Amino acid sequence: GDEESCKTLTRLFVLMGEKYMPMILAGGKEASQAVAILLKCSSNPDKEIASMTFNFWYAVSRKVTGSEDQKLITLFQQPFMHMVVRLKNVMQYPPEITQVSDDRQTSEYKRYRYFAADALVDAEAVLGIRPVLRILLGELQKEWAAYQKNPLKWQGVEARLY
């Protein structure tokens, strides 16, 4: 089905990203397209699919933070900013979960949240703490406004506070 195809394509894109890391780090149109595709994969509402990309982002963050090349650092600032926003997809509980508990229903979501928290640390390594906090605060404000309109939709606020 579509989900299996999406998983397969995501695996393929991640493997290609890892294999062609030097080309991606060099920049250029093809590199930007590869990064854009991997960002889309990171945005997938399926937590399993989105989290498949986290090792790629970890590898990129290590290369970028280990470099003194300002062009390389600048090249990846925007993608990591986008990733910070998109991590909500992985961190947020679905609407059918009405309260956070330690039961099996939430344990799978918690596992993916740990993965997303690690990805957030990788983004912070590239961007610095202030830009990440600025992004998270802006997103929290949006979620808070939505929560004020509908208190049953607390999941977005909780994900941003996590």
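The values are calculated or read from the model by the stated rules, or taken from the named source; none is laboratory data. Quick caveat, the model's predicted, so the values are computed rather than measured. Cβ placement follows ideal geometry from the backbone for every residue including glycine, while neighbour counts extend to all protein chains displayed.
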Could you look through the stretch 87-126, keep only residues that are β-branched (Val, Ile, Thr) and surrounded by 17 or more Cβ atoms within 10 Å (Cβ to Cβ), and pick out the one that is nearest to residue 77 (Cα to Cα)?
126
Which one of these is surrounded by fewer than 16 Cβ atoms within 10 Å (Cβ to Cβ) and modelled with pLDDT under 95: 36, 50?
36
Filtering the stretch 53-102 down to residues that are small (Gly, Ala, Ser) and at pLDDT below 90, which residue is farthest from the chain's Cα centre (by Cα)?
101
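Let's see how each residue does on (1) modelled with pLDDT of 90 or more; (2) touching a helix residue (DSSP H, G or I) at 6+ places or on another chain (Cβ under 6 Å); (3) of a type in the set (Gly, Ala, Ser):
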position	(1), (2), (3)
121	yes, no, no
126	yes, yes, no
130	yes, no, no
139	yes, yes, no
150	yes, no, no
156	no, yes, yes
162	no, yes, no
Which of the following residues is β-branched (Val, Ile, Thr) and buried (at least 18 other Cβ atoms within 10 Å of the Cβ): 135, 129, 73?
135
Search result, residues across the stretch 25-81 that are without any contact (Cβ under 8 Å) to a residue 12 or more places away in the chain and acidic (Asp, Glu)
30, 68, 69
